[in-house]
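Novice: My questions will all concern the structure given below.
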Amino acid sequence: MRLVTYREASGDRPAVVVSSPGGDRLLDLSAVTPRVEQILADESLLAEVRAAVETTDAATLPALESVALAAPVTPGKILCLGYNYRGHVPDGVDPTANDPEWPDVFVKTSNTLAGPDDAVAIPPGATDVDYEGEVAIVIGRRAQRVSIDDALSHVGGYTILNDVSDRAWQRRQSQWALGKCSDGFAPLGPWVVTPDEVPDPQDLLVEVVRDGVVTVSQSTSTTIFSVAFVIHHLSQVLTLEPGDVVSTGTPQKLPEAQEAHRPLADGDAVTVRISRIGELTTRFVSPLTPSTTGTPQEVHA
């Protein structure tokens with residue numbers, strides 16, 4: 001199933017995407033629960049949603065494209081991995097060197113969360129904003145010091161995260177927080193795909209498209225640390241709660257894309273597509289745009 005959160009004047013609502021010959025439709029789930037993460041955490045609610053999908057006439061439902069989507073979940077924590085694909089290493093490091101012993105983990109703060117339909121404003125003065133397309137895990141069941149063998153049973157689903165990064169700020173210090181945590185720098189979505197749709201998270205193709213050109217293309221089979229290990233590892237230190245997001249890192253850009261690197265600018269769009277999960281397209285805008293009167297006004301992404 002594909003679970004989404006969509007925007008209404010009265011507030012955000014959970015829904016499930018229903019496939020139909022006429023395109024994707026939207027079945028509102030607000031009568032079941034107010035939040036997607038509660039569905040992911042409750043087998044009885046999941047069963048109720050599946051039954052509703054089976055018994056609903058999709059032709060009577062509104063089109064998915066008729067609504068605006070918010071981030072599918074509101075995580076208490078967003079944890080991310082750096083350099084988790086073989087061949088993706090820090091500047092100056094031999095890409096053929098031995099794998100690291102432990103994952104490189106950092107945090108994106110709550111202000112970074114953005115929905116799949118939100119534009120991301122490039123911060124004033126930013127000179128090197130970049131994108132990173134990643135498979136993101138959504139926790140479905142509380143995980144505290146879990147074993148590797150049991151780790152995947154704590155996954156509620158999978159989604160896509162664009163780990164937008166300000167490289168200039170990232171290079172200014174050993175800690176990455178200021179390069180990773182500008183407002184809106186974690187577009188998430190468009191939906192959470194339940195684990196039955198992703199039987200093997202280590203067999204997904206991650207691709208990124210910019211300006212019609214594929215700039216990233218690599219399988220999750222080449223990650224250094226598997227989804228199961230990452231959940232196990234993180235849960236030894238902190239408790240993962242339903243709705244928490246763990247983003248598993250980005251592959252290295254293809255050589256020609258590295259050579260043609262250009263910081264993101266107003267009007268750019270980047271699409272992250274991951275097999276079995278879907279596509280997330282993020283549009284980038286300058287922080288100020290001219291109004292009809294010629295006076296600059298803020299863009300509210």
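Novice: Hey, does region 219-232 have a residue that's free of Cβ contacts under 8 Å to residues at least 24 places away in the same chain, in contact with an Asp or Glu (Cβ under 9 Å, 6 or more places away or on another chain) and within 26 Å of ASP150 (Cβ to Cβ)?
Specialist: The answer is yes; a qualifying residue exists.
Novice: Quick one: in region 33-60, which of the residues that are of a type in the set (A, V, I, L, M, F, W, C) and surrounded by fewer than 18 Cβ atoms within 10 Å (Cβ to Cβ) is farthest from VAL245 (Cα to Cα)?
Specialist: Result: ALA59.
Novice: Anything in region 61-74 that is surrounded by fewer than 18 Cβ atoms within 10 Å (Cβ to Cβ) and touching a helix residue (DSSP H, G or I) at 6+ places or on another chain (Cβ under 9 Å)? List them, or say none.
Specialist: If the condition is that a residue be surrounded by fewer than 18 Cβ atoms within 10 Å (Cβ to Cβ) and touching a helix residue (DSSP H, G or I) at 6+ places or on another chain (Cβ under 9 Å), then THR74 is the only one that fits.
Novice: When GLY189 is evaluated against the numbered criteria (1) assigned to a strand (DSSP E or B); (2) free of Cβ contacts under 8 Å to residues at least 40 places away in the same chain; (3) small (Gly, Ala, Ser), which criterion, by number, is the only one it fails?
Specialist: Of everything listed in (1) assigned to a strand (DSSP E or B); (2) free of Cβ contacts under 8 Å to residues at least 40 places away in the same chain; (3) small (Gly, Ala, Ser), GLY189 misses just condition (2).
Novice: When you scan region 227-281, how many residues do you find that are among the β-branched types (Val, Ile, Thr), within 22 Å of ALA41 (Cβ to Cβ) and part of a loop (DSSP other than H, G, I, E, B)?
Specialist: Residues flagged as among the β-branched types (Val, Ile, Thr), within 22 Å of ALA41 (Cβ to Cβ) and part of a loop (DSSP other than H, G, I, E, B) within region 227-281 amount to 4.
Novice: Here are GLU37, GLU65: which of them is of a type in the set (D, E, K, R), outside any loop (DSSP other than H, G, I, E, B) and either at pLDDT below 95 or closer than 19 Å to ILE139 by Cβ (or both)?
Specialist: GLU37
The values are calculated or read from the model by the stated rules, or taken from the named source; none is laboratory data. Quantities reported herein were computed from a predicted structural model and do not represent experimental measurements. All Cβ positions, glycine included, derive from the backbone under ideal geometry; neighbour counts span all protein chains shown.
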